[in-house]
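Input: a single structure, listed below in structure tokens.
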Amino acid sequence: DTGVSQDPRHKITKRGQNVTFRCDPISEHNRLYWYRQTLGQGPEFLTYFQNEAQLEKSRLLSDRFSAERPKGSFSTLEIQRTEQGDSAMYLCASSTRQGQETQYFGPGTRLLVL
Amino acid sequence: AQSVTQPDIHITVSEGASLELRCNYSYGATPYLFWYVQSPGQGLQLLLKYFSGDTLVQGIKGFEAEFKRSQSSFNLRKPSVHWSDAAEYFCAVGASWFNAGNMLTFGGGTRLMVKP
């Protein structure tokens, strides 16, 4: 396994712009999670996919946020009309729905909204 | 709703000293419990996990944790800390029902500093 990868690692944008992040899970992991981590805090759950189906969304995920996993492999997280409060680390994790589920995290995408 | 509390925001220990990081959880059923470590600017690395069985679990890098149901705790320990252990440590609890997504709830983290 090559591990979970995320792209880009860093993103600086101006308020009001749209941004998109990509997550490539460990191959054959059918579950994929997005979390957000603000400075000095623990990660908070945003959304979850099983294969291509988005099965859970947190109340943190406003209507400016959208996530997709079109073929059950990689996933994208888009933020429209970014706000300064969106500045955070966005973490992706993947796992298999077999037995005792363990999530493996990627390196994260750090977003700074100016 | 599940929750995790890590009472110590910062801990400083001398290299070679023992370490214990506290974690208390709130969850209605049998919890799945995890400890992750995060180096600055990096993602989370799994240290160890508890699902069932032996309440003392061993992890990577010489870490261990003990599940105590009566105290709703899952404290992380290491007998001798190395300078490379300086990082942020997160305790997390996950759902234990099989067919649901296992959304993790994290504590606020404990930042470990190691003195030479």
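The values are calculated or read from the model by the stated rules, or taken from the named source; none is laboratory data. The model shown is predicted, which means the values in this text are computed figures rather than measured ones. Quick reminder, even Gly has a Cβ in these numbers, built from the backbone with ideal geometry, and neighbours come from all protein chains shown. Only protein heavy atoms, including side chains, enter the accessible area calculation; ligands, DNA and RNA are left aside. Shrake-Rupley method; radii C 1.70, N 1.55, O 1.52, S 1.80 Å.
Restricting attention to the range B:1-21 and to residues that are part of a strand (DSSP E or B) and closer than 23 Å to B:TYR32 by Cβ, the residue that is nearest to the chain's Cα centre (by Cα) turns out to be B:LEU21. The residue that is farthest from the other protein chains (Cβ to nearest Cβ), counting only those in the range B:17-37 that are over 16 Å from B:GLU66 (Cβ atoms) and either in contact with a Phe, Trp or Tyr (Cβ under 6 Å, 6 or more places away or on another chain) or modelled with pLDDT of 95 or more (or both), is B:ALA17. Once the range B:39-56 is narrowed to residues that are open to solvent by 20 Å² or more (accessible area, probe 1.4 Å) and part of a strand (DSSP E or B), the residue that is farthest from the other protein chains (Cβ to nearest Cβ) is B:LEU56. Return a yes/no flag: does the range A:60-73 have any residue that is within 22 Å of B:VAL37 (Cα to Cα), out of contact with any Gly (no Cβ under 7 Å at 6 or more places or on another chain) and among the charged types (D, E, K, R). Within the range A:60-73, none of the residues are within 22 Å of B:VAL37 (Cα to Cα), out of contact with any Gly (no Cβ under 7 Å at 6 or more places or on another chain) and among the charged types (D, E, K, R). Residues in the range A:45-56 that are open to solvent by 80 Å² or more (accessible area, probe 1.4 Å) and under 20 Å from A:GLN6 (Cα atoms): A:GLU52 only. Here the range A:6-46 is the region considered, the condition is being of a type in the set (S, T, N, Q) and touching a Phe, Trp or Tyr at 6+ places or on another chain (Cβ under 9 Å), and the residue that is farthest from the other protein chains (Cβ to nearest Cβ) is A:ASN30. Say whether the condition of being among the aliphatic types (A, V, I, L, M), within 26 Å of B:LEU46 (Cα to Cα) and at pLDDT below 95 is met by at least one residue in the range A:68-88. No, every residue in the range A:68-88 fails to be among the aliphatic types (A, V, I, L, M), within 26 Å of B:LEU46 (Cα to Cα) and at pLDDT below 95. Determine whether the range A:65-85 contains at least one residue that is touching a residue at least 40 places away in the same chain (Cβ under 8 Å) and among the basic types (Lys, Arg). The answer is yes; a qualifying residue exists. Within the range B:57-95, if we keep just the residues that are within 28 Å of A:TYR90 (Cβ to Cβ) and of a type in the set (Phe, Trp, Tyr), the residue that is surrounded by the most Cβ atoms within 10 Å (Cβ to Cβ) turns out to be B:PHE74.
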